[in-house]
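> Mind looking over this structure? Questions follow.
The values are calculated or read from the model by the stated rules, or taken from the named source; none is laboratory data. What you see is a predicted model, and the numbers here were worked out from it, not measured in a lab. Neighbour counts are summed over all protein chains in view; Cβ atoms, including those assigned to glycine, are modelled from backbone coordinates with ideal geometry. Calculation scope for accessible area: heavy atoms of the full protein, side chains included, ligands and nucleic acids excluded. Shrake-Rupley method; radii C 1.70, N 1.55, O 1.52, S 1.80 Å.
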Amino acid sequence: MNALFIPVRLENLDWQERSFEIRSCTPDSRLADSLDRFGILVPPWVLDNGAGGYIPVDGFKRLSHAREKGVASVECRVFDSTAARGDLLLTRIETKLFEGPLNPAEKARIVSLLWETVSFEHLCEKYLPVLQIPARREVVDRWLCLAARGDAFLEAAVSGKICDRAALLLAEWEDAAGEKGLGILKDLRCSASIQVEILEGIIQIALRDDASVGDVLGRRDFNAVLDDPHLNHRQKTQTLRSLLTRLRFPRLRAREERFANEVRRVRLPGGVQIVPPPSFEGDHWQLNLHFCGIPELQSLLDETRRIAGSPAMAKLMSSTQQESMDETGTPGNSLTFRK
Amino acid sequence: MKGEVFTAVMIVKPPGKIRVEEAVLDSDLVSTLRKNLPHAKLEVADRISEAVEPDPDVVEVVHFKGRFLKSCPGTRHYSCCGYRILHFGVQCNLACSYCVLQAYLNLPNLRLFGNTRELIAELESELDSHTERLHRIGTGEFTDSLLLDPWTEWTTRLVPLFAQRNNAVLELKTKTNFIENLRNLDHRGHTIASWSLNAGLIAKREEPRAASLDERFHAAARCASWGYPLAFHFDPMIEHEGWRKGYGEILDRLFDAVDPSRVVWISLGAFRFMPDLKPLIRGKHPRSRYIHGEFIRGLDDKMRYFRDIRIELYSFMLERIRRVDPDLCVYLCMEGRDIWREVFGFSPEDRGGLPNMLDSAVKERMNTGNDFAA
Ligand code: SF4
């Protein structure tokens, strides 16, 4: 590809043509500072359109800044009109890839540009490893959705208000649900793993109930938590997580609650704790004893032995309280979805 | 018959291509396939690579270099039945939505092992070297036992072989009704014809290419009339709306179709899966909502229904089976002692272990294995 460094009059730039643009969605203040102090140090790239005008290829922010400052012309690297647009785009991406870490907005845009330009195999082989994106079709689809989503998503992801995975999950939701989900995560200000847990919970409930994520987001109980004026963002996050777990695992949750009630009823001595297996799976239960000195240990053991032989203990460990299904086998306390 | 009758019929086309590895080109299996599939195109290769594009029209015949007899993949946490698996091929194109074989991405095609002489030799040597033991051997772990039988006639070799052994029984586990080859075989009651069953709605939605439940019952009744002992496997049991009605009806239809005294055992296994299978099922069968049920991570790292759900499923089935035949051997596939105790009131260990319980069922219902020296 032939290119010359020559001054280009900004009035000759086609500002509407942004097909080469890879937006970073980051604030421009540092760049603006530097441009004010030192001017344009690295010439932007433009493509001669063969009709006396130029298409911006690289350096959109630099060029815009110059225009805002009333600069008439900027030295650019000008590719002549015979340059193949696809090759030029790949060259642009190539330099971008090795400039340093890319943010989610840039990654999403690069994936979508490459999607239009190279084969899926080529994308997987050459570019996705550099972008640190798993080479799977469904993952690429998510990045494409994110690229197609509005700036609000990209800016939230770039600014760290939502994590990349949450942005990718949200990008696949219908418009209104996506916006609402984004708003919720921004309000909750929770960690990346909790963001993903919340979104996955919503998705799983929707899939199970053959409903849309929008339907889950519209639930009254769900919104009651979000709108509760007495809860701060941390408390809202916790309450929402509990609600989602109860909706997602109703019988496990019911068992946990029953277990907690039974433990209270058994009246274990202080310093004694019974821990069921995780999710009550298997038969390895634990008994934890905390004591100071032998007399206290002996008294705890005596008391614990008495409790171990009681019917209350058997009840505590048993799963048989199974009114959870109705006669037809419809899970009774698994929440059937109500719109 | 009681209950709703689903009319789905089995959709299995004869393979249109036989792709064979050079080393097994002269095998009996390839000759039989060519005889029974005269229009199939024959392709010969030095070696058939593993990661090829899926081709539903092909059956591959390869030279298998591993052990043909494998142990049932039990774990220390969940009681295993002590079965041995006779590994004669991989894959299945009945396309059940929950099938674990979908995860065998590098082996997408129906594949048979052509070195059958070596397979038979290994099997005979195993049976002969442990004559003191009752061998329960099945073929339906990595494929369906009878899916390709119309073209391989594999049962015509295996069934008579087991008929000669007083210390061994063969179980052919299937969702097909491909039983014609069994009709005139001298089986001496040493081969169990067995079917996987499910609730009507699940069979219809999730096993779309398998034989309909009516076809399976009809096939079972015919096998019984030819003197074969029978077995049934409710595995995977899937919790769905109206599951009690669904599974209850299938049990009614089963016992209408066959005499319970001909049934050696019924196994129950709630749906469980490796976590990796979930995205595959989600992608390939987006309408299969059961995958979003109340699953927790089991002690073997597989996802399982929360235990109380499993207990409900099993207890319901056990109670319904016991009403019909209190002595019929019912067992749980890959379950822990605690679940056994809550469902049955005892654990396999209390009865000498699950393998021992199944051996007893063979002795009692098949009259086999009582006298190994005979
Ligand atoms: S019949 Fe068995 S092996 Fe075949 S697809 Fe169904 S589950 Fe898989």
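> Where nothing but the Cβ of Lys and Arg (+1) and of Asp and Glu (-1) is charged, how large is the charge dipole of chain A around its Cα centre, in debye to the nearest 20?
Result for chain A is approximately 1000 debye, rounded to the nearest 20.
> How shielded is A:250-257 by partner chains, expressed as the average number of their Cβ atoms within 10 Å of its Cβ atoms? Can you show the working numbers first?
On the way: counts 2, 7, 8, 2, 2, 3, 0, 0.
Mean number of neighbouring Cβ atoms from other chains: 3.
> Give the distance, in whole Å, between the Cα centre of the range B:271-311 and the Cα centre of the range B:170-192.
32 Å
> Which three extents, in whole angstrom, do the alpha-carbon atoms of the protein assembly as shown cover along their principal axes, largest first?
Ordered largest first, the protein assembly as shown gives principal extents of 105, 80, 53 Å.
> Treating cross-link reach as a plain straight distance, find the lysines whose alpha-carbon is under 17 Å from the alpha-carbon of A:Lys69, omitting any fewer than eight places away in the same chain.
A:Lys61
> Mind ranking A:Arg306, A:Arg23 by accessible surface for me, highest first, 1.4 Å probe?
Values: A:Arg306 140, A:Arg23 95 Å².
Correct descending sequence by accessible area is A:Arg306, A:Arg23.
> Which Cys in chain B stand alone, with every other cysteine's Cβ at 4.7 Å or more from theirs?
Among the cysteines of chain B, those whose Cβ sits 4.7 Å or more from every other are B:Cys72, B:Cys80, B:Cys81, B:Cys92, B:Cys223, B:Cys329, B:Cys333.
> Compute the Kirkwood hydrodynamic radius of the range B:40-171, taking the inverse of the mean of 1/r over all pairs of distinct Cα atoms, and give it in Å to one decimal.
16.2 Å
> Of the peptides A:226-234, B:261-269, how do they stack up when ordered by the mean number of other Cβ atoms within 10 Å, highest first?
Listed from highest to lowest mean packing, they are B:261-269, A:226-234.
> What is the interface area between chains B and A, defined as buried accessible area summed over both chains with a 1.4 Å probe, reported in Å² to the nearest 100?
For B against A, buried area totals roughly 2500 Å².
> Rounded to the nearest 0.05, what FRET efficiency is calculated for B:Asp327 and A:Ser191 with R0 set to 60 Å and r the Cβ-Cβ distance?
Plugging the Cβ-Cβ distance into 1/(1 + (r/R0)^6) gives 0.55.
> What residues does the range B:298-314 have that are buried by at least 40 Å² of accessible area in the full protein assembly compared to the chain on its own, 1.4 angstrom probe?
Going by heavy-atom accessible area, the residues of the range B:298-314 that drop by at least 40 Å² are B:Leu299, B:Phe306, B:Arg307, B:Asp308, B:Glu312.
> Looking at the square roots a ≥ b ≥ c of the eigenvalues of the Cα gyration tensor of the range A:77-164, which shape do they give, rounded for a/c under 1.5, prolate if a/b is larger than b/c, or oblate?
prolate
> Over chain A, average the accessible area per residue using a 1.4 Å probe and give it in Å², no decimals.
Each residue of chain A exposes 54 Å² on average to a 1.4 Å probe.
> Taking only complete DSSP H runs, can you tell me which helices of chain A stretch 15 Å or more along their own long axis by Cα positions and average at least 1.0 on the Kyte-Doolittle scale?
Both cut-offs are met by A:192-208.
> Between B:Asn36 and B:Ser71, what is the FRET efficiency for a Förster distance of 25 Å, r being their Cβ-Cβ separation, to the nearest 0.05?
Step by step, r from the Cβ atoms, then E = 0.20.
> Quick one: which of B:Lys204/B:Lys302; A:Lys161/A:Lys236; B:Lys175/B:Lys284; B:Lys278/B:Lys302 span more than 19 angstrom between C-alpha atoms?
Exceeds cut-off: B:Lys204/B:Lys302; B:Lys175/B:Lys284.
> Here's a follow-up. Using only DSSP helix segments of four residues or longer, with each worth -39500 (n - 2.57), what per-residue ellipticity at 222 nm results for chain B after dividing by its residue count and rounding to 500?
Result for chain B, helices only: -9000 deg cm²/dmol.
> Return one quarter of the surface area of the convex hull spanned by the alpha-carbon atoms of the range A:1-83, equal to its mean projected area, in nm².
So the Cα hull casts an average projection of 5.4 nm².
> Moving to a separate point now. Given a 1.4 Å probe and every protein chain left where it sits, what share in percent of the accessible area of the protein assembly as shown is carbon and sulfur?
50 percent
> Partner chain Cβ atoms within 10 Å, averaged over the residues of B:243-251 - can you pull that number for me?
That average works out to 2.
> Roughly how many Å is it from the Cα centre of the range B:141-158 to that of the range B:312-370, as a whole number?
28 Å
> Would you mind getting me the FRET efficiency between B:Leu107 and A:Phe120? Use the beta-carbon distance for r and R0 = 22 Å, nearest 0.05. Kindly include the intermediate steps, with their values, before the conclusion.
On the way: r = 23 Å, r/R0 = 1.05.
Efficiency computed from Cβ-Cβ geometry: 0.45.
> Also, I was wondering about something else. So if the hydrodynamic radius of chain B is defined as the Kirkwood radius over C-alpha pairs, what does Stokes-Einstein give as its diffusion coefficient at 10 °C and 1.306 mPa s, in µm² per second?
It diffuses with D of about 75 µm²/s by this estimate.
> Same structure again: So how exposed is A:Met1, as accessible area in Å² (1.4 Å probe, rounded to 10)?
Accessible area of A:Met1: about 110 Å².
> Rounded to the nearest 500 deg cm²/dmol, what is the calculated helix-only ellipticity per residue at 222 nm for chain A, with -39500 (n - 2.57) per DSSP H run of length n ≥ 4?
Working: 16 runs with 177 residues, N = 339.
It comes out at -16000 deg cm²/dmol, rounded to the nearest 500.
> Another one. Taking the Cα atoms of chain A alone, what are Rg (to one decimal) and Dmax (as a whole number) in Å?
Considering chain A through its Cα atoms, Rg and Dmax are 29.8, 97 Å.
> Just to be sure I understand: of the beta bridges DSSP finds with both ends in the range A:1-83, what percent are antiparallel, rounded to 5?
Roughly 75 percent of the DSSP beta bridges within the range A:1-83 come out antiparallel.
> Regarding the range B:140-246, what's the average projected area of the Cα-atom convex hull, expressed in nm²?
7.0 nm²
> Excluding ligands, DNA and RNA, what is the solvent-accessible area per residue of the range B:17-365 at a probe of 1.4 Å, expressed in Å²?
On the way: 13400 Å² over 349 residues.
About 38 Å² of surface per residue is accessible.
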